[in-house]
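Structure, as structure tokens:
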Amino acid sequence: MEHADVVVIGAGQSGLATAHALLEQGLRPVVLEASEKAAGSWPRYYDSLALFSPARYSSLPGMPFPGADPDRYPHRDEVVAYLTAYADWLGAGIRTGQRVTAVRQGGAGAEYEVELHGGGRLSARAVVAASGTFGRPHRPAMPGLDGFSGTLLHTADYRNPKPFAGQRIVVVGAGNSAVQIAAELARSATVTLASRNPVKFARQRILGSDLHFWLKHTAVDTAPLGRLVRTPPTQLVIDDGRYRAALSAGTPDRRPLFTAVDGAKLLWPDGTREGVDTILLATGYRPDLPYLAGLDGAFDAAGHPCHREGIATGVPGLAFVGLEWQRSLSSNSLRGVGRDAARVARRLAAYLAHP
């Protein structure tokens, strides 16, 4: 069986940042990526997706985001190209098409066996789970939703508005993706944005500078608040004015969440019953970590990873990178994941030096 000091699971932004940080510590990680490209989930996001952070604030450690205008907001495909180039630049042991199915502890508890789809195996002294969330879309319980006879999708399934032209659509959610997709669909369909809470906006530019300038220079972006955040706060929709204007114009209109579903009809809080073609859930994601299910102490009773700033608290040699609010506001982002990866790599290097 092949042996590695550290196996990193996932070669998206979190896994690549972790590989860089481990190399800086003199370690040689093996990075396992389920898909055929070292860019994580970015190639599968919807076509019109663009970053809300400018290029100058969207780099991984060691390689600035390319382009002549550092203040532009890069498109999805630019991010894919950047991550692919970053993987090539790293020179790390990245293996694509390698889906991890299980991580198990050896008899002594200090060694791991990493099992791959198809039967392959590696042993490792440490494992970093950096597989992100895209593989686990969150579908919250809503009254009658399981009986909806129209088309039920999650944003993980959405690519562009072409298949939905002329439809009656309800987008569920109040975050950036919900608002952006609903406004895009409303150009060619009749769309309602439905959510339990009203949409809350944050201005993209303040006093002539992008919001991320202020987050950086006030240190809000890096403040170690992760341990204080038990429930993620309501997501603010970062807006240059276009989405607030779209909602004000009713394209899409915004309503409280429906109260019941009867076949293809929804019941709204005002008593109105209305036929709907498609419900699109823009309700976020959860950490996609099924391969850790066999490790006692990896999760709490609610299924959340047990960790302190990315280091597992009950499983020696296990770490996480890329969790939302792992340490700070920016932990699960291009601009912030490198800081968390460096901290985790230092801790793992110390652990491996003193087994």
Exercise. Rounded to the nearest 500, what is the chain's calculated 222 nm mean residue ellipticity when only DSSP H runs of at least 4 contribute -39500 (n - 2.57) each, over all residues?
Worked result: -6000 deg cm²/dmol
Exercise. Using 0.36 nm per residue, how much length does the chain from ARG244 to LEU152 gain when fully extended, once their Cα-Cα distance is taken away?
Worked result: 30.5 nm
For this session: Kindly state, to the nearest 0.05, the FRET efficiency for MET63 paired with ALA165, given R0 = 35 Å and r defined as their beta-carbon distance.
Result: 0.30
Exercise. Between LEU236 and ARG44, what length in nm is gained on full extension when 0.36 nm per residue of separation is reduced by their alpha carbon distance?
Worked result: 66.8 nm
Exercise. Taking the Cβ of ARG125 as the center, what net charge do the other residues with Cβ under 9 Å away carry, scoring Lys and Arg +1 and Asp and Glu -1?
Worked result: -2
Problem set entry | Residues of type aspartates and glutamates that LYS37 reaches as a straight line, Cα spacing below 17 Å, ignoring anything fewer than 8 places off in the same chain | ASP77, GLU78, ASP88
For this session: First measure r as the distance between the Cβ atoms of LYS200 and MET1, then evaluate 1/(1 + (r/R0)^6) with R0 = 45 Å and state the FRET efficiency to the nearest 0.05.
Result: 0.30
Exercise. Where nothing but the Cβ of Lys and Arg (+1) and of Asp and Glu (-1) is charged, how large is the charge dipole of segment 246-354 around its Cα centre, in debye to the nearest 20?
Worked result: 560 debye
Exercise. What list of ³J(HN,Hα) couplings, whole Hz, do you get for segment 86-92 from phi and the Karplus terms 6.51, -1.76, 1.60, once you set θ to phi - 60° and write x for glycine and proline?
Worked result: 4, 4, 5, 5, 4, x, 8
Problem set entry | Cα lying deepest toward the dipole's positive end in the chain, options SER41, LEU266, GLY93, charges on Cβ | LEU266
For this session: Residues in segment 247-282, backbone N under 17 Å from the label point at GLU324 (7 Å along the Cα-to-beta-carbon vector): list them, ranges by number please.
Result: 281-282
Problem set entry | Within-11-Å neighbourhood charge of LEU348 [Cβ basis; K, R +1; D, E -1] | +3
Problem set entry | Unit charges on C-beta of K, R, D, E only; dipole of the chain, Debye | 620 debye
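We did not get these values from a lab; they are worked out from the coordinates using the rules stated. Every value quoted in this text rests on a predicted model; they were computed, and no experiment measured them. No Cβ is skipped: glycine too gets one built from the backbone with ideal geometry, and neighbour counts run over all protein chains shown.
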